[in-house]
Structure formats: C-alpha cells, structure tokens
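Accompanying notes for the structure given below.
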C-alpha cells in the first residue's frame, strides 16, 4: 500500500477513480528508470539516491508516480549507518570539547574536533564523518535485491494504488468467483461482514449471484488506521480471483464517493507481498487449537458451506461433523460472536432468525448482552468472556452424540448379517454408530461368535484343515492373523484345541481330548 499523499485519483462525475498505469508504455519505461536509479546507488548515501529521484521527477508527467514506484522499491533496499565512531559518542565528545574551547571560528572548531578525537582515541576525520552518520539521509544503501521487473512493478503499483484508495472505505461490496477464499480472508482480517443473495435482476451480470458486504466502524471517531489497512489488504485476495467486481463507499474528506473496481483494473503480480497477514481471529484460533487437541469423535470443519437465511447467505465460522455410522453424517454449525457494533449484532440476529433445517450453536461474547436472544433463535447459546470454553462446547456436542447413538441403536434390526467373513464387535458398532452394548444382544445368522469377533463357518472350516495338534502356538497365531482373528485362545477353543505351555519356551497346540 502507498501512503495517502501519493494517492492519484480522479473525482470526475462525483466518483472516485484511481489513476491506474495499466499497459501504458511510458509508465513502464519510467518504472524501469526508477529501478535503475536504485540499482545504481548501491553503496551510496540516501541523500544521493533522493537527489537522483528528484531529478527523475522533473522529467516525469506526474511526480507522484515516481514516488509511488520508489515507495515500493524502498522495501527492497537495505540501508545501514556507516561510522568509524559511534555517532552519539562522537557528538557527545565534540560538544564537550566545543564547550571547553568556545567555538566561534573555524580554527576553534578544528581544535574542538582534535580534542574530541584524542578523547576517543580516533582520527579527526573519522570523528568529523561520524558526527551525523546516523541521520536518515546519511544512511548508506548496502544492498538492493528487488523482486520486481518493470512489468511486475507496474502491476504492484496499480494494486497498491487501489488498496490506498480503499483505506477510507466505509463499506466494501464484492462479487467474486471464489467467495469462500474471500470470506476466509475477511475473517482472518477480523472485518465485519455479511453475505447477500442478489435479487434476480442483478444476477445477470457479474461473477456471482452472491455479494460479500464488508462494513467498517459505524462512528467516524472509531475508525482507525488499522481497520483501513485491513480493507486495503483484503484487495489482494479479491484481485487473486479470476473474475470479480468491487464497489466501495469511500469517505473522501467528508464527502461519500463511490469507487468501482473489477478484474480488468488490477491483478496480483507474480511476486509475493512483503507483508501479508497470516493470523486469524485470536478467539477462533485459540478455540480451534484447543478443540482439535482433544481428539474427539467430532471433526472440526473450518468455514463450511454457506447457509441460506432469507435473501442473504451466512457462512458460519465452524462446523462439527459426527458420523453415527459409515453412511450417515450429523453436522452442527458453530458461530463465534465477538465484539461487534450494535447495528451488526442486529444483522446477525436477523440472519440467525432466518436459518432453517440446520443445527446451530453460537458462542456469544457476554459483553454483547444478547445471549438470551441468540438462544431463542438457535439450538443453543454459549456465553464467554475472553476465550470460548471448550468444555462448554463439548458438553453441548455430547448431548447430540448421546441422542444420535440412542437413535441408531433403536433403529438396528434384531438380526445382523455383515458382509465380512470376519469382523469384530467393535468394528460393527462403529459402522452403525452405536456402542458395543447395542451389538451384543443381536443375532448373527451367518456368523459364529468367537470371543468378540464374528466369523463365518467357512473360515473356521479352512482353519481346521491348516491347524494341527503339535504345532507351536506362534505358528498357529500366524495362521489366525491371516484370517483377521487376534483372539487366539477363543479361536483355538472353537476349533477343539487347547494350549499346552512349556514354561518360558512357549506353547504347543493340543487337542482338548488329549
């Protein structure tokens, strides 16, 4: 993003139009010259670099364009203070010597410097050069490792210019072919938003029939630089989609103006941004980390599918998936309501009221004072202060789990005929989403029960032909493992064998009749 003093916009027709460079060959040539100035001043002081840029401004049609390119390239340069003597020490010694000498003439100045040099055990010239070496314009550019060629610099300039134009946005409305990535970025940046389903007449043109509306603080005094920067940073995600359209209401020094951008205006250059936020909401990140550490039967899903709520669309923060049986899935949606403006809370309550045929839990910051209202509109409200208590959420999920398991158990038939030749009671219970106790009392017409494993008679017949009296227990267990039987004692007993132990040397298979 550029600084606001470098913003180039046209207000023709009452709009707010950034002056993009685009494919202008003159601008690309100017970008190449600015890059060349930086490359040519490695090893020189910043003052010399600034002088060269000022000279270049005189030949350019717009000095802001030169300074805009330079602003982006400044991040690619490394500046250092070069001084033989630490500048603050040099100044302190020189000022003390000057006070003793009483500097008025050039000769008295030289004498003060000589005294300062003697006290520092350094040369007079070294002290003189070090006096102000830490000033910004005396810093030396020691390296310039730019990621930009002229084309990439122009693309980054247009993107940064658009971001700067969004800095004072009051509301941003985006339609994108990648809405999920857009909403994910909005949440990472902790912006307030809602998703609207556009009416039929407005769906014909544009990349999507849904519009993500991002709002800023409602009161002018509460707007901050941080929030404006988040608006600008959101643009990188928006511009990364194949097709998109952005409309924004911008506060232009007290006058509201409309800004319109599309994928034809700016794109994301191939280079990576210098700084891009990678954090999410602290409350959400903290909750997700602690929940997943529990390793429950519930799978945490980040930003699940959109939910229709009247004419709008809501995208919850999370969903919890529980599978009571391999063929079924039960999903609980989960939203975290943090500190929002009263207007935004009202919109969120309206969204919750419009949800149908979904199970929704909501964690509500107790400072909002809307816990009861949320509870009345959803399947449960969990109030929190600072962080969401994982135990409270788990307790709510356990209630669903208990009901699901009970319903699944009640739906089981009296007789079960699994397709497997060999299957454990534990595995069968998991498939049906019930506890093992629910399987215990069932009939199995096609299987024999060997310990806690169900086995078809044909498997037992095959084993009877391969296991013989006198073979070692180790060899017998190897055969049983081939068929998926891990309870050797129960399996051998079913086949009419016992184990004869010979101390620590192991066991031998014997007929029960011996």
Rounded to one decimal in nm, the spacing of the 7 Å Cα→Cβ label points at residue 415 and residue 482 is 3.2 nm
Computed from the beta carbon distance with a Förster radius of 45 Å, FRET efficiency for residue 387 and residue 80 to the nearest 0.05 stands at 0.55
Taking 461-471, 44-54 and ranking on average Cβ neighbours within 10 Å, highest first, one gets 44-54, 461-471
Taking Cα atoms, the helix 179-188 axis meets the longest principal axis of the chain at an angle in degrees (rounded to 10) of 70 degrees
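When ranked by the protection proxy of mean other Cβ atoms within 10 Å per residue, highest first, what sequence do the peptides 59-67, 149-157, 28-36 form?
Values: 59-67: 16.3, 149-157: 20.4, 28-36: 18.6.
Ranking, from highest mean packing down: 149-157, 28-36, 59-67.
Beta carbons within 10 angstrom, averaged per residue: use that to sort the peptides 355-361, 112-118, 493-499, highest first. Display every interim value, and only then the final one.
Numbers: 355-361: 15.4, 112-118: 19.7, 493-499: 17.0.
The densest-packed peptide leads the list: 112-118, 493-499, 355-361.
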Whole-Å distance linking the alpha carbon centroid of the range 110-183 with that of the range 417-460 is 71 Å
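Ignoring everything except DSSP H segments at least 4 long, calculate the 222 nm mean residue ellipticity for the chain; use -39,500 (n - 2.57) per segment, divide by total residues, nearest 500.
On the way: 18 runs with 212 residues, N = 514.
Estimated from H runs of four or more residues: -12500 deg cm²/dmol.
For the range 354-438, just say rounded, prolate or oblate: build the C-alpha gyration tensor, square-root its eigenvalues into a ≥ b ≥ c, call rounded for a/c under 1.5, and beyond that prolate if a/b exceeds b/c, oblate if not. Before the final figure, lay out the partial values.
On the way: a/c = 4.28, a/b = 2.66, b/c = 1.61.
Prolate, since a/c reaches 1.5 and a/b exceeds b/c.
Can you give the FRET efficiency for residue 4 and residue 403, using 1/(1 + (r/R0)^6), R0 = 60 Å, r = Cβ-Cβ distance, to the nearest 0.05? Intermediate results must be reported in sequence, preceding the final value.
Numbers: r = 57 Å, r/R0 = 0.95.
For residue 4 and residue 403, the calculated efficiency is 0.60.
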As a percent rounded to 5, the proportion of antiparallel DSSP bridges among beta bridges in the chain is 85 percent
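Here, each number is a calculation from the coordinates, and none is a lab measurement. Just so you know, these numbers come straight off a predicted model, no measurement behind them. Please note: Cβ atoms are built from the backbone with ideal geometry, for glycine as well, and neighbour counts cover all protein chains shown.
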